[in-house]
Each structure stands twice: as structure tokens, then as C-alpha cells.
1. Is it true that residue 126 is within 22 Å of residue 161 (Cα to Cα), in contact (Cβ under 8 Å) with a residue 40 or more places away in the chain and under 19 Å from the mean Cα position of the chain (by Cα)?
2. For segment 51-87, what are the residues that are assigned to a helix (DSSP H, G or I) and under 20 Å from residue 173 (Cα atoms)?
3. Is there a residue being at pLDDT below 95, in contact with a strand residue (DSSP E or B) (Cβ under 8 Å, 6 or more places away or on another chain) and surrounded by fewer than 18 Cβ atoms within 10 Å (Cβ to Cβ) anywhere in segment 51-73?
4. Limited to segment 24-50, what total is found for residues that are within 14 Å of the chain's Cα centre (by Cα), in a helix (DSSP H, G or I) and either at pLDDT below 95 or over 22 Å from residue 158 (Cβ atoms) (or both)?
């Protein structure tokens, strides 16, 4: 449906959609000012329209405020320092402290293994919806699944019970400070035509 509630034409503006898909980039350097909250709110609302088998809507979103961000930055700096040394940890602290917007996407854990897999895939589709909408509004994002997102202390900082939810990713967002370039191999190298 479009904004008026009428069904959207399946072929509406295909070139614009193709350009958006080809143009989106992962951004990890941001300008200091965060985008307006309503931009993220709309992106999260659009996430729920992701393909989702059985309509379980397994996604959960955590919007990180300054105290939680500070805890995550400190945790990650410590993890990096433990594995790569104090200087690397401080470099990571400075870089992460400059990120203007943060949220986490988690997936509710089902007892059934197949449903868990389907739900995780749905959450990944929801993440793509979010990133594409943000990009359409001039907002860059980065989806990270680094070691910090798998650490028990990260779950505790966010108040997530790992028996009930799995973190799909930590997302940064903001206005890009430059636009990264990206190349892809021709799709013909990834397609097999079967008889």
C-alpha cells in the first residue's frame, strides 16, 4: 500500500528501486549530528514489512541512549585491548565514541530449529529494509556482528536474555562523512542455470 493506504503498484518506479539497491553503501564514518528521530522511527516501522514466514514478527529493537552507548564503547574498547593491546583499544574507543546513532536488532528465539532459522532470515530482511530506507533519506548505516555483540556483558548492558533473544546486529547510523565505494562481481559468476 502507498501512504494513502491504497495498494502500491508492483512495478512502481523500478529504476528508482534499482538505483537505491545499487547505491546503498556501508558507512562507518559519520558527521557528528544525528538524524532526526522520526527518520529512524519510520525506518523501524518499515522493518516490519519484511518477508516473514508465519508472521511471527520476531524482531526486537533496542535504541541505545548515551549511558548504554558509553557502556558498549567501554566494553568493546576492553575487548579490543585484551586481544590487540591498549593502544588499539583506545583507538577503537575514540572511533566508536564519535558515532551519532545506535540501535540493536535482536531475534526472538523459538524452540523449533527451523522456525529459528526462518525468523533469523526475517530479521535480516528487516535490517535491509531499515538500511535501504535510511539510505533513501541520506542516512548511512553500518551493521556489525563483531565480538562485542556476542559477549555476555553486551547482553547484560541491553537487558537481553540470551535464552530468549539472539542479537542479529549492532547498527550505527548517521549522515555519512564521505561515501565509500564498492564493487561487485558480475552476477553471471554467481548464477547457475539448471535444466
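The values are calculated or read from the model by the stated rules, or taken from the named source; none is laboratory data. Note that the structure is a prediction, hence the values are computed from the model and not measured. In this analysis, Cβ positions are derived from the backbone assuming ideal geometry, glycine residues included, and neighbour counts consider all displayed protein chains.
1. yes
2. 66, 67, 68, 69, 70, 71, 72, 73, 74, 75, 76, 77
3. Yes: segment 51-73 contains one or more residues that are at pLDDT below 95, in contact with a strand residue (DSSP E or B) (Cβ under 8 Å, 6 or more places away or on another chain) and surrounded by fewer than 18 Cβ atoms within 10 Å (Cβ to Cβ).
4. Counting residues in segment 24-50 that are within 14 Å of the chain's Cα centre (by Cα), in a helix (DSSP H, G or I) and either at pLDDT below 95 or over 22 Å from residue 158 (Cβ atoms) (or both) gives 1.
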